[in-house]
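First up is the structure itself, then whatever we jot down about it.
The values are calculated or read from the model by the stated rules, or taken from the named source; none is laboratory data. The model shown is predicted, which means the values in this text are computed figures rather than measured ones. Neighbour counts are summed over all protein chains in view; Cβ atoms, including those assigned to glycine, are modelled from backbone coordinates with ideal geometry.
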Amino acid sequence: MQIGIVGKPNVGKSTFFCAATMATVDIASYPFTTIEANRGVAYVRGKCPHVDFNTQCVPGNAACENGTRMVPVELLDVAGLVPDAWQGRGLGNQFLDDLRQADALIHVVDASGSTDIEGAPVPPGSHDPVEDIKFLEREIDMWIRGILEKGWDRAARQAHLQGKNIEILLQERLTGLGVTPAHVNAAMRDISPPDNPLNWSPEIMLQLARAIRRYAKPMMIALNKADMADDDTLARLAEAANGLAVPTQAESELALKLAARSKLVDYMPGDGKFNVTDSSRLSSEQRKAIEQLHDNVARLQGTGVQKCLETAAFQLLDLIIVYPVEDETRLTDHNGRVLPDAFMVQKGTTAKELAYKVHTDLGDNFIRAINARTHRTVGNDYVLEDGDVITIVSRK
C-alpha cells in the first residue's frame, strides 16, 4: 500500500513526510524544494493479538511496542502542485506521473493561510486555504479527463464495432493510474452518462473523471500549521473537506520525535501528550521550545500526523489488520515465531483471498481456514475481521 503526500509548494509536505518516516529530506521555505519524489516507510497502529492470547509475539514484518503492532505503510512525497499543472505548468507532469502509484492521498493544506495559491509566502491569514482544497481536486480531475479524452472518438467507435463494454474501455485507458474495473463501475453508476459514448460532452467526461478519482485516489486533508490557525478557521476548513480532515502540526511532530530520539522527552507517536525525561539537560531555549510544544499538542490533542496516516489507511482505504499463522494452537509460523506477520487487507477480504496474498500456492491449493480465536473451521468465503488470527490449510 502506498499513500501519496500531495499539495501545493511550501505547505509542509516534506516536513510531514519527514515527521512520519524520520527520513532525511530537503526542507526549505521556498517552492519546489522537492524535485524528485521522496519515498519512506511510516507505521499505522493496531492492537497486537498476543495481548488477548496471553503470550509474547515475535514480530517479523511489523514491530510490537507494548502491545501495539506498528504496521508499515509506504509514503510518497511528491513535487508541489500549482494551478494548471494538468497542462504541464510548474512540475505538474512529474507530479501527476508520480501520483499514478498512490492508493490514497493525504492533501497537505496550509491552514494558517500563510502561502498563496502558488506556494509563495504571504502574511498569515491573507490567503483562504479553502481555495487550495478545491484547486488540487480539480487539477487531478482535469488530468484524468485529459487521459480519457485523448483519441476518445476513435477508441469509442472501435469499441462499439468490436462489441466491447464501455467500462472495459475506460479501465484500459486508466490502467496506469491503478484504476480497477470496480472503480470504473462505481463511477459509471454515480454519473449515469448517455448510452452512446460518442455523445459524451466535456462536462460529462469531467464528471466521470471526478467520480473515478474519488474511488481510485481517495483523498483526505491534513490541515497543517494548525497551531497557527484559530478554531473557527479549522472548523470551516473541515467543513469544506466534507469532514475528512485532521488538524496537523508536522513541525511539532518532527521536533518531538527528534527530542525522543535524544531521550529528552518520552513520546509515543499519536499520543496527545509527552513527558520531559530530564529537565536538567535542557537549555533555556530548549525549555521554552518544549513549553511551546506542550501548549500546541495540548490544544489540538496531539500533532495529528499519526491520526492522518491511520485515517488514510483505515477510513479512506477501508483496511483491517489480520495475522496469518501456520499453527493455530501455538500461533506460530514454520520457524516457530509467534504471530510473526501482520497483513493489511480491505474489509470484505475472504480467507481464500488472504491465502493468495500470503502465497500464490496457498491460494491455488486452498482447502479451508481455521480461526484461531474461535477455534472454528471456516470456508473460502469467510469474511475476515479486524484482528483475526488465521491458519490456512492447503493441499501439500
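Taking region 136-154 as the region of interest, how many residues are within 30 Å of Asp110 (Cα to Cα) and touching a residue at least 12 places away in the same chain (Cβ under 8 Å)? Residues that pass the stated criteria total 11.
For region 315-331, which positions are assigned to a strand (DSSP E or B) and either within 14 Å of Met70 (Cα to Cα) or of a type in the set (Asp, Glu) (or both)? Ile320, Ile321, Val322, Tyr323, Asp327 - these are the residues of region 315-331 that are assigned to a strand (DSSP E or B) and either within 14 Å of Met70 (Cα to Cα) or of a type in the set (Asp, Glu) (or both). The lone criterion from (1) at positive phi; (2) modelled with pLDDT of 95 or more left unmet by Val322 is number (1).
Restricting to region 342-374, give me the number of residues that are farther than 30 Å from Ala222 by Cα, in contact (Cβ under 8 Å) with a residue 24 or more places away in the chain and part of a loop (DSSP other than H, G, I, E, B). The total comes to 3. So for region 80-98 (the condition being at pLDDT below 95, outside any loop (DSSP other than H, G, I, E, B) and closer than 29 Å to Ala259 by Cβ), does at least one residue qualify? Within region 80-98 (the criterion being at pLDDT below 95, outside any loop (DSSP other than H, G, I, E, B) and closer than 29 Å to Ala259 by Cβ), the answer is no, since none of the residues qualifies. Scanning for something crowded, with 20+ Cβ neighbours inside 10 Å, of a type outside the set (S, T, N, Q) and within 20 Å of the chain's Cα centre (by Cα), does region 183-201 turn up at least one residue? Within region 183-201, one or more residues are crowded, with 20+ Cβ neighbours inside 10 Å, of a type outside the set (S, T, N, Q) and within 20 Å of the chain's Cα centre (by Cα).
Of everything in region 233-283 that is basic (Lys, Arg) and assigned to a helix (DSSP H, G or I), the residue that is farthest from Met70 (Cα to Cα) is Arg236. Asp52 meets all of the listed conditions (1) crowded, with 16+ Cβ neighbours inside 10 Å; (2) modelled with pLDDT of 95 or more; (3) farther than 23 Å from Ala260 by Cβ but one, namely (1). Within region 155-179, residues that are at negative phi reach partners that are of a type in the set (Lys, Arg) with beta carbons closer than 6 Å, at six or more positions or on different chains, in the pairs Gly176/Arg100; Leu177/Arg100.
A single entry from Ala313, Ala260 fulfils the requirement of being of a type in the set (A, V, I, L, M, F, W, C) and surrounded by fewer than 21 Cβ atoms within 10 Å (Cβ to Cβ): Ala260.
Is it true that some residue in region 229-239 is in contact (Cβ under 8 Å) with a residue 40 or more places away in the chain and either within 20 Å of Arg138 (Cβ to Cβ) or in contact with a Phe, Trp or Tyr (Cβ under 9 Å, 6 or more places away or on another chain) (or both)? There is at least one residue in region 229-239 that is in contact (Cβ under 8 Å) with a residue 40 or more places away in the chain and either within 20 Å of Arg138 (Cβ to Cβ) or in contact with a Phe, Trp or Tyr (Cβ under 9 Å, 6 or more places away or on another chain) (or both). Quick check: is even one residue across region 298-310 in a loop (DSSP other than H, G, I, E, B), in contact with a Ser or Thr (Cβ under 6 Å, 6 or more places away or on another chain), at pLDDT 95 or above and under 25 Å from Cys18 (Cα atoms)? Yes; the residues of region 298-310 include at least one that is in a loop (DSSP other than H, G, I, E, B), in contact with a Ser or Thr (Cβ under 6 Å, 6 or more places away or on another chain), at pLDDT 95 or above and under 25 Å from Cys18 (Cα atoms).
Considering every residue within region 287-304, establish whether at least one is among the charged types (D, E, K, R) and either touching a residue at least 24 places away in the same chain (Cβ under 8 Å) or closer than 22 Å to Lys47 by Cβ (or both). Yes.
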